[in-house]
Amino acid sequence: MRSLRYLIIGAGFGGLGMGIKLRQDGQHDFEIWEKAQDLGGCWRENTYPGAACDVPSHLYSYSFAPKHNWSHRFAPQAEIHAYQHDCAEQFHIQDKIHFGKEVKDAQFDPGLKGWVIIDTQGEQVFAQFLISAVGQLNRPAYPNINGLDAFHGPLFHSANWQHDVDLTDKTVAVIGTGASAIQFIPEIAKQAKKVNIYQRSAPYVIPKPDRPYSKTEQTLYKNIPGLLKLSRLKTYLVFESRFVAFSSMQWIMHLMKWQWRRFMHKHISDPVKRKQLTPDYQMGCKRVLISNNFYPTLNQKHVEIFDQGITHIDANGILGKDGKHTPADVIILGTGFTTTEFLSPMSITGLDGITLNQAWQNGAQAYLGLSVHQFPNLFMLYGPNTNLGHNSILYMLESQINYIANATKTVLDSSKSCINIKPDIQNNFNNKIQAQAKNSVWNTGCTSWYTTDDGKNTVNWTSFTFQYRRLSKQFSLNHYEAS
């Protein structure tokens, strides 16, 4: 059995950043296992037409690897994926990435004081530290609709886009109106003869302040010291200030709702569609989406909205709960991801034979989203309660990466071999998170991917991101049981 100091699972932004940090700190005994044949995580997988980031490029990038020549304020998918490749090359970690390696099972061995990991091909390795960087947006969610397998035409999820399917002059049914759907619907509407959108609940969609960067701007960002950092800081502060609308000053959402209504009414002239596109929940309870062309697309005559629900799918189309059957040549699922089933489908077993699923039977929780009691030397990037509704996840990832690096260095520099977060530290942290969540806009009654079926927030960070950075800046061995 091979032995490693670190094993990182996943080669998206989290896994790449963790590998870069370890290499910069002089740690070379690590591997990054990636189940696919390319790096990139969600930016590798989501290649649907119109895919782009909803956080400005200067902020949605590593602070230690700024890029002066982004093409747009909000970069498209292909450019972000290319940036990830550039970072892997610039920081020389390509040789550490092992593609086609998917973890099946990981068990903590108290005798070895580390993790025994088995991949789906049966290879077994030992790692003192196991770092999950699989994220929250890596498992497409498929709707529970009768007859989903009965459809005779092409049917696919937006995260597994079938580019060989020609939509020209086709009748296309889209199920879902989430963050991905509002990006690809305007693109497919340019080709399709008819687009039928099946919507469970309407999203709030506001203007996207996007534009291309000029060559002059790119040159200035490259040659003027500090200008790019200043742009990043300005963007961060603007986005960070929005958190007050989700927490203590929810009246701001009423102002935003007024702006949203003006925007929607400007582009939607049909009173029936206006009613269909008016959400029945408080703004901010679900992710507020940004797009300049979603509403104009829905105003077109060949685009129709169905909001009565779906009874079943048959070989030729969709039967709605209103009794209307609509034929379809192609069905596209824009139904998002399973965000509350962290680390699935891997089996993770800690002390006393307890699995992570058992430990989380009442909802996922972890200290700082990083450490779970009874799972020593296991760390998670983008774990429970570290998603953001208002800022860049890369800011959070860099905070987590530095914490893990400090934690493992402390262990390696000591006489100890492993650390296990104390239960009272984890519980006190989680209780505070849940108390803050109760007073947030995310807890106002809507059904969203932020919460479990019983309404518990296991996904979002419930405070300012700079407060998370303050909490994670210093590693305290006193928070852990060390052995």
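Looking across region 302-332, the residues that are among the hydrophobic types (A, V, I, L, M, F, W, C) and in contact with a Gly (Cβ under 8 Å, 6 or more places away or on another chain) come down to F306, I310, I313, A328, V330, I331. Within region 126-148, is even one residue within 30 Å of V411 (Cα to Cα), at pLDDT 95 or above and surrounded by fewer than 20 Cβ atoms within 10 Å (Cβ to Cβ)? Yes, region 126-148 contains a residue that is within 30 Å of V411 (Cα to Cα), at pLDDT 95 or above and surrounded by fewer than 20 Cβ atoms within 10 Å (Cβ to Cβ).
Pairs only if they're at least six apart or on different chains, beta carbon under 8 angstrom, first in region 356-372 and part of a strand (DSSP E or B) and modelled with pLDDT of 95 or more, second of a type outside the set (A, V, I, L, M) and surrounded by 24 or more Cβ atoms within 10 Å (Cβ to Cβ); list them, first residue then second. Pairs that qualify, where the first residue is part of a strand (DSSP E or B) and modelled with pLDDT of 95 or more and the partner is of a type outside the set (A, V, I, L, M) and surrounded by 24 or more Cβ atoms within 10 Å (Cβ to Cβ), are S371/F379. Considered as a group, the residues in region 197-246 that are assigned to a loop (DSSP other than H, G, I, E, B) and among the aromatic types (F, W, Y) include one that is nearest to G389 (Cα to Cα), and that residue is Y204.
Here C87 meets the list (1) over 18 Å from L137 (Cβ atoms); (2) out of contact with any Phe, Trp or Tyr (no Cβ under 6 Å at 6 or more places or on another chain); (3) in a loop (DSSP other than H, G, I, E, B) almost entirely, failing just condition (3). Taking region 436-460 as the range and being assigned to a helix (DSSP H, G or I) and crowded, with 17+ Cβ neighbours inside 10 Å as the test, the residues that pass are Q436, A437, V441, W442, N443. Among the residues making up region 343-355, those that are out of contact with any strand residue (DSSP E or B) (no Cβ under 8 Å at 6 or more places or on another chain) and either β-branched (V, I, T) or not in a loop (DSSP other than H, G, I, E, B) (or both) are D352, G353, I354. Residues in region 376-419 that are crowded, with 22+ Cβ neighbours inside 10 Å, among the polar types (S, T, N, Q) and more than 30 Å from I290 (Cα to Cα): N377, T408.
The values are calculated or read from the model by the stated rules, or taken from the named source; none is laboratory data. Here the structure is a predicted model, which is why all the values come from computation and not from measurement. Here the Cβ is made from the backbone with ideal geometry for all residues, glycine too, and neighbour counts use every protein chain on show.
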